[in-house]
Amino acid sequence: MKKLLFNILFLCLLFSCNEEIGRDISTDLSQEADQFFNFSTAINEGGYLGNFSYSDYFRTQSQSLPGCPKIEIDQTLRLVTLDYDAADSCSQEKNFKRNGKIKIDFSQSNTQLATWWMEYENYKFDNTEIIGKREFKTLSTSQNQEKFENLKIKTDNGLSFVAKGTHTYFTSRFSFRPFALSFVGFIEGTNPAGRKFTQTLTQAKEVYINCYSEGWVLPFEGEETWTVERSEGRELTYRFNFSSEGECNPQVNALLPDGRTLILNP
């Protein structure tokens, strides 16, 4: 009789634990998707700045860049500094909070290597800190490639990503000025829980410069797939789809590993 009661008690505890685990996994999936979305937004937010040429910045007004940073150009060093702490009055449609500086070193952009670097200095985008350096180089008149390693993304509640990646950008120009950008690429790293992840752009992300000029930073089209490791060699896959009907603020749908759909940006 005692053995029977023990077995019943054990089964009750087991089912209770399984129910808790299921509930935790369900919550964790949506939280993890949101973390990946914030990471992706922070990475993409500055990527287009690295695709402006040195001469583009001479023709660029502060009000046409998200956050309206003060633009400083050192012609001796060929160094462009975007100072968000000294930002001009900004009346853009979408105005994320930004602090710190972004420095773009064009000292080698006019050499045979055609390489330049973008570095963050105490920079925060919407309370997300970005730390590190991104390297760009010219592949053709309309195509650039970016590589970065040990880029860190830290959220305001202490969570952090460390990543390395490669992107290939295609710039469309009208009257020598960029008006659209598309890119594909691959990122790998570790998420805040210490798990390894990869991000693959399975459909090119498309952005309009005029949308960036009004402070909007999300692509109006594209798809990315995230794979994150779990214990015992298992992997979970997320798929984010960006879509818009001629607007600068797209809808972002996330397909979670359990089949549910989550709207990340309505």
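The values are calculated or read from the model by the stated rules, or taken from the named source; none is laboratory data. The model shown is predicted, which means the values in this text are computed figures rather than measured ones. Cβ sites come from the backbone with ideal geometry, for glycine too, and all protein chains shown count toward neighbours. Protein only, heavy atoms only, side chains kept; ligands, DNA and RNA dropped before computing areas. Shrake-Rupley method; radii C 1.70, N 1.55, O 1.52, S 1.80 Å.
A residue that is surrounded by 12 or more Cβ atoms within 10 Å (Cβ to Cβ) and either among the hydrophobic types (A, V, I, L, M, F, W, C) or modelled with pLDDT under 90 (or both) can be found somewhere in the stretch 15-25. In the stretch 165-206, which residue that is farther than 22 Å from T141 by Cβ and of a type in the set (V, I, T) is least open to solvent (accessible area, probe 1.4 Å)? Filtering the stretch 165-206 for residues that are farther than 22 Å from T141 by Cβ and of a type in the set (V, I, T), the one least open to solvent (accessible area, probe 1.4 Å) comes out as I187. Out of all the residues in the stretch 84-101, which are in contact (Cβ under 8 Å) with a residue 60 or more places away in the chain and in contact with a Phe, Trp or Tyr (Cβ under 8 Å, 6 or more places away or on another chain)? Answer for the stretch 84-101, where residues must be in contact (Cβ under 8 Å) with a residue 60 or more places away in the chain and in contact with a Phe, Trp or Tyr (Cβ under 8 Å, 6 or more places away or on another chain): E93, K94, F96. Pairing each residue of the stretch 67-83 that is surrounded by 21 or more Cβ atoms within 10 Å (Cβ to Cβ) with any residue that is outside any strand (DSSP E or B) and among the acidic types (D, E), provided the two are 6+ apart or on different chains, yields C-beta distances under 9 Å for C68/D88; P69/D85; P69/D88.
Checking G132, G100 one by one, the residue that is at positive phi, in contact with a Leu (Cβ under 7 Å, 6 or more places away or on another chain) and small (G, A, S) is G132 and no other.
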